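Report on one structure; see the data block that follows.
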Amino acid sequence: MKKISLMALTVLVLSSCNSDPKFNIKGEVSDADGKMLYFESSGLEGVVAIDSVELGKNGSFSFKQLRPESPEFYRLRIEDKVVNLSVDSTETIEVKAPYAKFSTDYDVAGSENCVKIKELTLKQIKLQSDVDALFKSLQDNVITHDVFEDSLSAVITKYKDDVKVNYIFSAPNKAAAYFALFQKLNNYMIFDPLNNKDDVKCFGAVATSLNNDYPHAIRSKNLYNIVIKGMKNTRTPVQKTVEIPREKVTEAGVIDIALRDIKGNVRKLTDLKGKVVLLDFTIYQSAVSAPHNFTLRDLYNKYAAQGLEIYQVSLDADEHFWKTAVDNLPWVCVRDANGIYSQIAAIYNVKQVPAYFLVNKNNELSKRGEDIKDLDAAIKALL
């Protein structure tokens, strides 16, 4: 009996050793002798260093960590070059990459999610390159502002449609779908969970799948909270009849707007009589916001001294984000707390943002954005 018990104990110990719940990230980085390779965790609170190694001539590396209880994200980094990875089991993931193009020319094996994340990363890099090229064409006067705006909207819409179909709705329970939700363009999220109803649906699909598989995971709870907030912000309100004060339109030539700026001061559109005004409706938290504001800054710098003013109405759900975004902008920035259901935007028949209008020096509405072929020329003609 003692011999049997001892044998059973030995088997138990060996079995315990073999079931070590760890995952392994290994591989090679060529032409990186003496470079430091960092293994980092990409958590909700930010990036945290886990381990590092100085690469030798053969560039080989291996990192082992305890398997996470639910899908988590990690990254390999050399200097400012990053490879994003996800782990959801005791898998072994192998990465081979050249030092010079570490972030883009790497090969990854052992994880379908990591392969998908690479595809998404390359798509996002291509999108950023396309947007940068459009902006350069605008700056070089190869295209006009209206062509830039239309082209920008088209490339972002095409990108989102592709990612929705092939990465989010096709497999919402995968880590790659979660990764897709939080990709950025110009540091702004491409999918907007607070102001865009269609984007909220994308977040909802992933949140539901993640919650079903990992109900106690922090990421599941966080994503669920984002969706709830987004649904609240984009919920269609009770329809009300919008009455336009005709006497104001007759007297001023425009439908007046009176909203507060970041300092709490009420700024009225009609107070800008005597100036040419570019009335702009926007959402700062959207991916198109940064390049759109670059174009406005260009126009403002060019024509402000000649009498141009920009009156920009934010439809952002997140007030704090709006205040941070507009803190250094030189023109009039106000916010409508009704967000995408703004009655003011409805009166001006704003269908999508950004949307802009030109108001002449007499406070008369001159043109809508869709009727302007060359915004620069249109502003110059009114000054």
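Numbers for the structure displayed
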quantity	calculated
Most positive-pole-ward Cα, Asn301, Ile344, His216, against dipole of the chain from beta carbon charges	His216
Test item: Cα-centred dipole of segment 22-108, Lys/Arg +1 and Asp/Glu -1 on Cβ, debye	160
Compactness of the chain, expressed as Rg and Dmax over alpha-carbon positions, Å	26.5, 104
Rounded FRET efficiency, nearest 0.05, which uses the C-beta distance separating Lys96 from Lys221 and R0 of 30 Å	0.25
Rounded to 5, percent antiparallel among DSSP beta bridges of the chain	70
Gain upon complete extension [Arg297, Lys22; 0.36 nm per residue less C-alpha separation]	93.9 nm
Shape category assigned to segment 329-370 from the gyration tensor of Cα positions, a/c cut at 1.5	oblate
Sequence of Ser137, Ser220 from largest to smallest accessible area, 1.4 Å probe	Ser137, Ser220
Loop trypsin sites (Lys or Arg not before Pro), segment 143-240 (other Cβ atoms within 10 Å of the site Cβ: 12 or fewer; DSSP)	Arg235, Lys240
Ellipticity estimate at 222 nm from DSSP helix runs (n ≥ 4, -39,500 (n - 2.57)) divided over the chain, nearest 500	-12500 deg cm²/dmol
Exposure ranking of Ile340, Ile226 by accessible area [1.4 Å probe, largest first]	Ile340, Ile226
Charged-residue dipole, Cβ positions (Lys, Arg, Asp, Glu), the chain about Cα centre, Debye nearest 20	740
The chain: angle of helix 145-163 to the longest principal axis, Cα-based, in degrees nearest 10	30
Sparsely packed GluC sites (Glu not before Pro) within segment 64-164, loop by DSSP, other Cβ within 10 Å at most 14	Glu69, Glu79
Peptide ranges 121-133, 22-34 listed from the most packed, as the mean C-beta count within 10 angstrom indicates	22-34, 121-133
Of the trypsin sites (Lys or Arg not before Pro) in segment 278-383, those whose Cβ has at most 13 other Cβ within 10 Å and which sit in DSSP loop	Lys351, Lys373
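The values are calculated or read from the model by the stated rules, or taken from the named source; none is laboratory data. Here the structure is a predicted model, which is why all the values come from computation and not from measurement. So basically every Cβ, Gly included, is an ideal-geometry build from the backbone, and we count neighbours across all protein chains shown. The area values use the complete protein model at the heavy-atom level, side chains included, leaving out ligands, DNA and RNA. Shrake-Rupley method; radii C 1.70, N 1.55, O 1.52, S 1.80 Å.
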